[in-house]
Amino acid sequence: MKIPGRDRGRGLNFDITPLIDIVFLLIIFFLAASHLVRNEAAEAVELPTATQSETDPEETPRRLVITIPADQTLHLGARELTQQELEQALLAEGMGEPNQALEVRIRADKSVPYQVVEPILVACAKAQISKVKFAVLAP
Amino acid sequence: MTSMIDIVFLLLIFFVCASTGQVVESLLPTELASGSLEAATVEPVEQPLGEVWIHLIQTENQKTVAELNDRRYSDHAELQLTLTSLAELAPEIPVILEIDGTVPLGEMIKVYDTCRAANFESIHFATTPDYSKPQATNGN
């Protein structure tokens, strides 16, 4: 009597190469995303609120983002700078004619004393950067 | 095809979850005087209606008080009312914010926002770049 069974002759060709590719891609993606999220959390700032804020501002070709968390450290983009270094960087960026194409965004914690922000405003004025915007939250 | 749909859904769920906690930021613009600070120094030009000096002070009990033309406002609503009525009469009158170094930025933004909401045409920040003589930088 012949017992029906699996046909082992042909086999099942299962190519797992693309699966491995995608799994690796996902691992790299999640690692990078979680790293960025952690970095962002380190510079968390509690922004002040304002009613006269622009929700859809006009885009400028160049933008410098200065972040000042509650610990009063100064960050230009992702770099942590001292006050003098920041002033020099602003002067270097804004050298030349009055620069309408450059915008400075100040993301400062609402508890930061004004004496930390004032030198940045003065440096912007010296560097001929007139467009300075404060990041705020709408009430 | 099935595995691709799985992964697409996975990514979609990830981005939806990641964007849930995102806070939308707005921007409060200021227009600083460009050029050297010496050029931004306010010359003593006679204003027909004078100018409004708002001095923000941090008191000993960590409270911010606004001083407007020798009158103290500890209540922000009261200051807002005064500024609004003043701006209705003469919006062209320049407002100069003189802010003590210890005043938190949140309070400074609140007063600046109130001045903008009152529709004043020019709002300035008084600065002391060399910490010897006060000068004013155009703020709006």
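A few remarks follow.
- Of B:ARG116, B:ARG72, all but one fail to be in contact with a strand residue (DSSP E or B) (Cβ under 8 Å, 6 or more places away or on another chain) and more than 14 Å from chain A (Cβ to nearest Cβ); the exception is B:ARG72.
- Checked against the criterion of being at pLDDT below 80 and over 24 Å from B:ASP113 (Cβ atoms), region A:101-113 contains one or more residues that satisfy it.
- Scanning region B:81-102 for residues being farther than 17 Å from B:ARG71 by Cα and aliphatic (A, V, I, L, M) gives a total of 4.
- Taking the criterion of being of a type in the set (Val, Ile, Thr), assigned to a loop (DSSP other than H, G, I, E, B) and in contact with a helix residue (DSSP H, G or I) (Cβ under 6 Å, 6 or more places away or on another chain), the only residue of region B:90-106 that qualifies is B:VAL103.
- Pairs, first facing another protein chain (nearest Cβ under 7 Å) and within 15 Å of B:LYS63 (Cα to Cα) in region B:94-109, second of a type in the set (Lys, Arg) and not in a strand (DSSP E or B), C-beta under 7 Å, six or more apart: B:PRO104/A:LYS110; B:LEU105/A:LYS110; B:GLY106/A:LYS110
- A count restricted to region A:3-43 and to residues that are modelled with pLDDT of 75 or more, surrounded by 12 or more Cβ atoms within 10 Å (Cβ to Cβ) and assigned to a loop (DSSP other than H, G, I, E, B) stands at 0.
- Of the set (1) free of Cβ contacts under 8 Å to residues at least 24 places away in the same chain; (2) of a type in the set (A, V, I, L, M, F, W, C); (3) within 8 Å of chain B (Cβ to nearest Cβ), all apply to A:LEU76 but (3).
- Among the residues making up region B:9-46, those that are modelled with pLDDT under 65 and surrounded by 12 or more Cβ atoms within 10 Å (Cβ to Cβ) are B:SER34, B:GLY35, B:SER36, B:LEU37, B:ALA40, B:THR41, B:VAL42.
- Residue check for A:ALA89: within 19 Å of B:PRO29 (Cα to Cα) and either within 11 Å of chain B (Cβ to nearest Cβ) or modelled with pLDDT of 85 or more (or both): no
- Filtering region A:77-126 to residues that are part of a strand (DSSP E or B) and touching an Asp or Glu at 6+ places or on another chain (Cβ under 7 Å) leaves only A:LEU102.
The values are calculated or read from the model by the stated rules, or taken from the named source; none is laboratory data. The structure presented is a predicted model; accordingly, all values stated were derived computationally and were not measured. Heads up, the Cβs are rebuilt from the backbone with ideal geometry, glycines too, and the neighbour counts pull from every protein chain shown.
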